[in-house]
Amino acid sequence: MLKLIAGQYGGRKLVTPKGTDTRPTSARVRESLFSMLGELNGISVLDLFAGSGALGLEALSRGADRAVFVERDRAAAECVRQNIDTLAAEARVLELDWKRAVSQLVSEGQVFGLVFLDPPYGDASLIGPQIAELITPILEPDARLVSESDARDPIGIGLPVTRERRYGDTLLQFHEFE
């Protein structure tokens, strides 16, 4: 069972997609991640490759103003919608491939101060080099990007890594965009 850890919605249960296609970030990793992120009040969040939406929803619980969730899998996107509805959170779900979603967000003039990148581990190193090139137009000045990937095959988005933590096979990397 997946629960939000802290903040306004702390302790609330989240619906997760059935099967093994979606790999929710563990509570231990999420707790550490949000401890390192610190204050999130007023920030706009993009949860790319959202899965259950746990990262973006945790950010909303901890004070983020709004979130956009991108998830191409219909069942996973529906779980995110259910979680948003249950929490009555200010959020939007784009049920699109990540490239199309980023293109749409660029055309809408959307910008974000925090981006979570958690692609399927098997695709991470293939997607990584494309992400930095396509995502920069939707980043606020001093935006933070957090990538999660398999420690044996890091995502490698090509932006400077300012902090890195490993939790078993999970690698978190913090990237700063200036």
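The values are calculated or read from the model by the stated rules, or taken from the named source; none is laboratory data. Note that the structure is predicted; figures quoted are calculated from it, not measured. Cβ placement follows ideal geometry from the backbone for every residue including glycine, while neighbour counts extend to all protein chains displayed.
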- Taking into account only those residues within the range 57-81 that are touching a Leu at 6+ places or on another chain (Cβ under 9 Å) and more than 22 Å from residue 40 (Cα to Cα), which is surrounded by the fewest Cβ atoms within 10 Å (Cβ to Cβ)? 72
- Task: Could you tell me which of the residues 170, 136 is touching a strand residue (DSSP E or B) at 6+ places or on another chain (Cβ under 7 Å), surrounded by fewer than 21 Cβ atoms within 10 Å (Cβ to Cβ) and touching a residue at least 12 places away in the same chain (Cβ under 8 Å)?
- Result: 170
- Query: Name the residues in the range 68-97 that are under 14 Å from the mean Cα position of the chain (by Cα) and farther than 14 Å from residue 56 by Cβ, would you?
  - Reply: 72
- Query: Does the range 102-123 hold any residues that are touching an Asp or Glu at 6+ places or on another chain (Cβ under 6 Å) and surrounded by 23 or more Cβ atoms within 10 Å (Cβ to Cβ), and which are they?
  - Reply: 116, 118
- Using beta carbons and a limit of 8 Å, which pairs, at least six apart or on different chains, have the first residue in the range 5-17 and surrounded by fewer than 19 Cβ atoms within 10 Å (Cβ to Cβ) and the second one of a type in the set (D, E, K, R) and assigned to a loop (DSSP other than H, G, I, E, B)? 6/62; 7/62; 8/62
- Query: What about residue 144, is it in a strand (DSSP E or B), touching a strand residue (DSSP E or B) at 6+ places or on another chain (Cβ under 6 Å), touching a residue at least 24 places away in the same chain (Cβ under 8 Å) and surrounded by fewer than 18 Cβ atoms within 10 Å (Cβ to Cβ)?
  - Reply: no
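Does residue 45 fit the bill of being touching a Lys or Arg at 6+ places or on another chain (Cβ under 6 Å) and modelled with pLDDT of 95 or more?
No, not satisfied.
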- Query: When you go through (1) under 20 Å from residue 155 (Cα atoms); (2) touching a strand residue (DSSP E or B) at 6+ places or on another chain (Cβ under 8 Å); (3) at pLDDT 90 or above one by one for residue 59, which number turns out not to apply?
  - Reply: (1)
- Test: residue in the range 119-130 that is β-branched (Val, Ile, Thr) and in a loop (DSSP other than H, G, I, E, B): no
- Item | Selection from the range 119-152 of residues that are modelled with pLDDT of 85 or more and of a type in the set (Ser, Thr, Tyr) | 136, 147, 149
- Task: Being assigned to a strand (DSSP E or B) and either under 15 Å from residue 49 (Cα atoms) or aliphatic (A, V, I, L, M) (or both) is the filter; apply it to the range 151-178 and report the residue that is farthest from the chain's Cα centre (by Cα).
- Result: 161
